[in-house]
1. Can you tell me which of (1) over 13 Å from residue 412 (Cα atoms); (2) assigned to a helix (DSSP H, G or I); (3) more than 13 Å from the chain's Cα centre (by Cα) is the one residue 353 doesn't meet?
2. Which of the residues belonging to the stretch 336-350 are surrounded by 15 or more Cβ atoms within 10 Å (Cβ to Cβ), modelled with pLDDT under 80 and closer than 18 Å to residue 415 by Cα?
3. It is to be established whether one or more residues within the stretch 322-335 are at pLDDT below 80 and surrounded by fewer than 15 Cβ atoms within 10 Å (Cβ to Cβ).
4. I'm told residue 397 meets every condition in (1) within 26 Å of the chain's Cα centre (by Cα); (2) surrounded by fewer than 11 Cβ atoms within 10 Å (Cβ to Cβ); (3) at pLDDT 75 or above except one. Can you identify the failing condition by its number?
5. Among the residues that make up the stretch 124-137, is at least one of them touching a residue at least 12 places away in the same chain (Cβ under 8 Å), in a loop (DSSP other than H, G, I, E, B) and touching a helix residue (DSSP H, G or I) at 6+ places or on another chain (Cβ under 9 Å)?
6. Working only within the stretch 138-153, note down all residues that are in a loop (DSSP other than H, G, I, E, B) and under 27 Å from residue 50 (Cβ atoms).
7. Looking for whichever is under 26 Å from residue 39 (Cβ atoms), surrounded by fewer than 17 Cβ atoms within 10 Å (Cβ to Cβ) and at pLDDT below 80 here; the options are 184, 206. Which one fits?
8. Looking at residue 157 and the list (1) over 34 Å from the mean Cα position of the chain (by Cα); (2) within 22 Å of residue 50 (Cα to Cα); (3) crowded, with 17+ Cβ neighbours inside 10 Å, which single condition is not satisfied?
């Protein structure tokens, strides 16, 4: 068939572009207009070969072969097929596994089946040399494209360059039409300032840590009070109110901190805060921070609200799944694939926006707002499951990175705050309320 095919090694193309534009091969240093880049590849391939395009194959690595947001956008573009290999981390560096083997297989199969007459290879990997030679033996013309090297030298295998029928260089002007450097001021830019919403959530202590710290302080205070009480007993002293001092085993009236006259809790008092394992938390135990760890942080466990001990006002809040119709679910998936970038903060905002738009009663917003930073368990678990679609799962134990979890929840709360503020804002043109 008189058609051309383009095989793109994304690791080579984008890594070399990052080296050229930002001086660093890390792809995080560049922003890519993937739709524009695909359009440029198609136009140039058709112009140089004089043939219509059959397909662009995009080969890339991904953790556990889970499509990342850019892969989700690419694979729904016309004439684009995405093939994913594994992405592994070793000695602090990321490495692709299986990408060159997949490219070799596709290259030889296309040539053997006479699916095209010209193949454009955008790669520098010498492991593709056998596949390139096999394609030539089947009568296919192989065009090898290189990204302009930052140092002006070759950034491709010399054997690959020698065997190719045609070779072209994608220069800086061509690359910068779809690729931009994120930072042009230096190779080591200062880290971005943290969002205040994330900092607010991070500043809330975990209840386990707060109680442990209080328990240690109370134990030290109780020991000092017991020593003072023992010394007072030996001297026939009594406390200022005339009551006997607490004994060293913690029984009796509250112990007095020496020199202050103030009572201090003992380990037995703190045990009352914790209560038995099956009991509900004590009313005085910290509650605001308890929202920072739920079972949804590790694995997706669905439980009814009654088993979670949630108060009625939060247990009655509907989940997004309960508010979403089949048509809306289809539209949501389309938006996720084509529009949502996958930034954790953005993911939380998108989820909250959909939930707010579909709430039958806006009174739910006010009930939820007073719970900050706590998100009801069922809604939080659904939020994290939604975030997992965007490749935010870590590679170990299928968990979302801790900082990403904070960012996801911060994005959720930002959207809730915007809606709550809008409901309280006066209508345009409305004057001040009369007494």
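The values are calculated or read from the model by the stated rules, or taken from the named source; none is laboratory data. Here the structure is a predicted model, which is why all the values come from computation and not from measurement. Note: ideal-geometry Cβ built from the backbone for every residue, glycine included; neighbour counts use all protein chains shown.
1. Going through the list (1) over 13 Å from residue 412 (Cα atoms); (2) assigned to a helix (DSSP H, G or I); (3) more than 13 Å from the chain's Cα centre (by Cα), residue 353 breaks only (1).
2. Taking the stretch 336-350 and keeping what is surrounded by 15 or more Cβ atoms within 10 Å (Cβ to Cβ), we get 336-337, 340, 342-350.
Then drop every residue that is not modelled with pLDDT under 80, which leaves 337, 342.
Result: 342, single match.
3. Of the residues in the stretch 322-335, the ones at pLDDT below 80 are none.
Within the stretch 322-335 (the criterion being at pLDDT below 80 and surrounded by fewer than 15 Cβ atoms within 10 Å (Cβ to Cβ)), the answer is no, since none of the residues qualifies.
4. (3)
5. The answer is yes, given that some residue of the stretch 124-137 is touching a residue at least 12 places away in the same chain (Cβ under 8 Å), in a loop (DSSP other than H, G, I, E, B) and touching a helix residue (DSSP H, G or I) at 6+ places or on another chain (Cβ under 9 Å).
6. Residues of the stretch 138-153 that are in a loop (DSSP other than H, G, I, E, B), as a first pass: 138-140, 148-153.
Passing the criteria: 138, 139, 140, 148.
7. 184
8. Only one criterion in (1) over 34 Å from the mean Cα position of the chain (by Cα); (2) within 22 Å of residue 50 (Cα to Cα); (3) crowded, with 17+ Cβ neighbours inside 10 Å is unmet by residue 157, namely (2).
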